[in-house]
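A short write-up of the structure that comes next.
What follows draws every value from the coordinates through simple rules; no lab data is involved. Note that the coordinates shown come from a computational prediction; the quantities given were computed from them, not determined experimentally. Backbone-built Cβ (ideal geometry, glycine too); neighbour counts: all protein chains shown.
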Ligand code: HEC
């Protein structure tokens with residue numbers, strides 16, 4: 001193998017491996033979005049399918065930062081958040097694993113509202 005063809009071989013191999021990595025990452029994020037959506041069905045009853053709640057005293061979750069979201073859920077689980085309506089979240093957080101929290105947080109971070117008529 002000449003030096004030139006060796007360089008080309010390395011280049012082709014790297015390009016190939018990179019394209020696999022990108023594809024894998026894309027499908028992982030798509031999978032996490034769908035898994036998060038599936039795990040969020042109960043949450044949607046209060047926070048809305050798209051994370052925009054219809055009840056004034058219930059917070060919106062759409063676009064929420066993933067790390068903040070997970071930290072909030074852990075705080076409910078550990079009863080560090082007890083004020084006001086926090087009691088409604090205790091039982092919700094209790095049944096979630098760390099992976100559930102990450103998946104659900106991912107979903108609400110990414111979800112968009114379908115309607116284009118409002119100003120959200
Ligand atoms: C019975 C209604 C109800 C359900 C079901 C529910 N929530 Fe909540 N959620 C609330 C209310 C009310 C609050 C505000 C509580 C407070 O004052 O701390 C809240 C707060 C939160 C917060 C904190 C928001 C912030 O800005 O600090 C997160 C995150 C959250 N909910 C996620 C979830 C997830 C995930 C689920 C499903 C596993 C879920 N909720 C199910 C009513 C609900």
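Summary of values
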item: Qualifying residue in segment 43-57 (condition: near the ligand (Cβ under 8 Å from one of its atoms) and farther than 20 Å from residue 114 by Cα); result: yes
item: Residue selected from segment 39-51 under the condition part of a helix (DSSP H, G or I) and free of Cβ contacts under 8 Å to residues at least 24 places away in the same chain, by the criterion surrounded by the most Cβ atoms within 10 Å (Cβ to Cβ); result: 44
item: Members of segment 68-93 that are more than 9 Å from the ligand (Cβ to nearest atom), without any contact (Cβ under 8 Å) to a residue 24 or more places away in the chain and out of contact with any helix residue (DSSP H, G or I) (no Cβ under 6 Å at 6 or more places or on another chain); result: 78, 79, 80
item: Residue check, residue 36 assigned to a loop (DSSP other than H, G, I, E, B) and touching a residue at least 40 places away in the same chain (Cβ under 8 Å); result: no
item: Output for segment 97-110, where each listed residue is touching a residue at least 40 places away in the same chain (Cβ under 8 Å) and within 8 Å of the ligand (Cβ to nearest atom); result: 100, 104, 105, 108
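Yes/no matrix, rows are residues, columns are (1) out of contact with any strand residue (DSSP E or B) (no Cβ under 7 Å at 6 or more places or on another chain); (2) at positive phi; (3) surrounded by fewer than 12 Cβ atoms within 10 Å (Cβ to Cβ); (4) part of a loop (DSSP other than H, G, I, E, B):
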site	(1), (2), (3), (4)
8	yes, no, no, no
11	yes, no, yes, no
16	yes, no, yes, no
54	yes, no, yes, yes
61	yes, no, no, yes
73	yes, no, no, no
87	yes, no, no, no
90	yes, no, no, no
93	yes, no, no, no
